[in-house]
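Colleague: This is the structure I want to talk about, given as structure tokens.
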Amino acid sequence: MRWVEDVARFIVFISVMAYGAAICGSAGGLPPSSTLAIEQGAILFGVHPLADDQLLVQRLKGKLYSVLLWDLSEGRGQETISFQGPMGGSAISPCGRWLAAEFRPSAEAWALGVWDVNTGELMHELELTDPVADAVFNPDGSLLAILLLHGSAVALWDVRASALRYTLVAPNPLSWVTFSPDGRVLAAGSVDRTVRLWNVATGEEANVLSSATYTTGPALFAPSGRTLAVCSEGYQIVLWDMLAGRVTLTLSSHLDRVASLAFSSDSQVLATASWDGTIRLWSVGTGQEMCTLDLRSALEDSEYDRWAVMSVAFAPDGTVLFSASMAWRWERTPWGPAQVSVGLVHLWHVGELLEVVRAGRW
């Protein structure tokens, strides 16, 4: 069923909050500028701002996976892609044109589909031997890097030609992959505590960086290409200086697994989203935590027991920070415990956040 045809089942509300009053309260973090609750019983695990006030939201409800294209200026959206799961690893190209997602054509098989987000058409279907551990598009969306679970090889798939370009092989299993901003380098984290760098044009290994900690991913380059942020063990984020080839800062405040990373367009601020129900903003230069955006603050007046922030992203113009999250609780039923959840999209106006930080009200 199309989203617009099912709009009566959605909960949509916008609530603008005054920062000064909220900060003086007992929540312990800054509340969102606006909150858009999308649907009861849904898990929202991906938010991807596009140009022209549009937003792609990845949603899972039961075994139904879908992508919503939301028009922020008109306050409405539509479902562009929908298929039955279970669904595994996924990626959306930076321009928002392509979706790559793992799905199960049968109980004994795995596959990776590539869809056109605008038309909803399945363009390519790749047979897999194992589930997807990580997948990421290069900056122009022409290449897709695919890492299978427990695998030590990364497949570089040419999206337009629907053909394998290279297979990049490491000596030990890998846990994450990401492209540099110019698309020339592919980085991958290994269980042997190294970060391996490949030349995308030639497929040759360019460098191996050694780390003191095991990195779990996700990972993301800053737009400048100078810094690589990687989630590591202990709910930490390590910042690599790519020119120096070493870790320069370790960020530690989260109380649960970090699910998503986002850099500001000037590479000076890193946003981290966690299963602890918070988003934290960090100074990339100093490693100092600038402020906490706390979705748990809603628990005081909420029927839900837990929050988890699944995704965070800056708008292309850098003025808004978006997040996708879920809140849930357990309740008793005649058939046993049942999870009741709601998926939400929050947004913060970056200018207001910076004013709060500069004024020392945080």
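Read the figures in this text as sums done on the coordinates, not as results from a lab. Note that the coordinates shown come from a computational prediction; the quantities given were computed from them, not determined experimentally. Backbone-built Cβ (ideal geometry, glycine too); neighbour counts: all protein chains shown.
Colleague: Which of rounded, prolate or oblate describes segment 41-290 when judged by the alpha-carbon gyration tensor and an a/c cut-off of 1.5?
Modeller: On the way: a/c = 1.58, a/b = 1.19, b/c = 1.33.
Oblate shape, in that a/c is at least 1.5 and b/c is the bigger or equal ratio.
Colleague: I need the trypsin sites (Lys or Arg not before Pro) found in segment 35-109, filtered to DSSP loop residues with at most 14 other beta carbons within 10 Å of theirs. Could you put the intermediate results ahead of the total?
Modeller: Details: sites: Arg59, Lys61, Lys63, Arg76, Arg97; in loops: Lys63, Arg97.
Counting only loop positions with at most 14 other Cβ atoms within 10 Å, the trypsin sites (Lys or Arg not before Pro) in segment 35-109 are Lys63.
Colleague: Using a cut-off of 15 Å between beta-carbons, work out the net charge of the residues near His150 (Lys and Arg +1, Asp and Glu -1, His150 not included).
Modeller: -4
Colleague: What whole number of Å gives the distance from the Cα centroid of segment 312-362 to the Cα centroid of segment 93-127?
Modeller: 27
Colleague: If you don't mind, another one. Excluding Trp115 itself, calculate the net charge of residues whose Cβ lies under 11 Å from the Cβ of Trp115, where each Lys or Arg counts +1 and each Asp or Glu counts -1.
Modeller: On the way: positive: Arg97; negative: Asp116, Glu121, Glu125.
Every neighbour counted, the sum reads -2.
Colleague: Also, I was wondering about something else. Which loop GluC sites (Glu not before Pro) in segment 71-144, with loop taken from DSSP, have no more than 12 other Cβ atoms within 10 angstrom of their Cβ? Could you put the intermediate results ahead of the total?
Modeller: Working: sites: Glu74, Glu79, Glu102, Glu108, Glu121, Glu125, Glu127; in loops: Glu74, Glu108, Glu121.
Passing sites in segment 71-144 are Glu74, Glu108, Glu121.
Colleague: Oh, and also: What 222 nm value per residue comes from the helices of the chain, counting each DSSP H run with n ≥ 4 as -39,500 (n - 2.57) and dividing by all residues, nearest 500 deg cm²/dmol? Provide the component values of the computation, followed by the final result.
Modeller: Values: 2 runs with 14 residues, N = 362.
Using -39500 (n - 2.57) per qualifying helix, the result is -1000 deg cm²/dmol.
Colleague: Also, I was wondering about something else. Hey, what do the phi angles of segment 342-351 turn into as Karplus ³J(HN,Hα) couplings, whole Hz, using 6.51/-1.76/1.60 and θ = phi - 60°, x for Gly and Pro?
Modeller: Rounded to whole hertz, the list is 9, x, 9, 10, 10, 9, 10, 7, 4, x.
Colleague: Tyr214: net charge of surrounding residues, Cβ under 10 Å, Lys/Arg +1, Asp/Glu -1, itself excluded? Walk me through the numbers before you get to the answer.
Modeller: Numbers: positive: Arg193; negative: Asp192, Glu233.
Cβ neighbours under 10 Å give a net charge of -1.
Colleague: Positive end of the charge dipole of the chain (Lys, Arg +1 and Asp, Glu -1 on Cβ, about the Cα centre): tell me which of Thr319, Val57, Leu249 has its Cα farthest that way.
Modeller: Leu249
Colleague: Turning to a different aspect of this structure: With springs only between Cα atoms under 10 Å, which of Trp330, Trp275, Trp110 fluctuates most in a Gaussian network model of the chain?
Modeller: So, out of Trp330, Trp275, Trp110, the one fluctuating most is Trp330.
Colleague: A follow-up question, please. If the elastic network links every pair of Cα atoms under 10 Å, which of Ala145, Ala201, Ala135 fluctuates the most in the Gaussian network model of the chain?
Modeller: Looking only at Ala145, Ala201, Ala135, the biggest GNM fluctuation is shown by Ala201.
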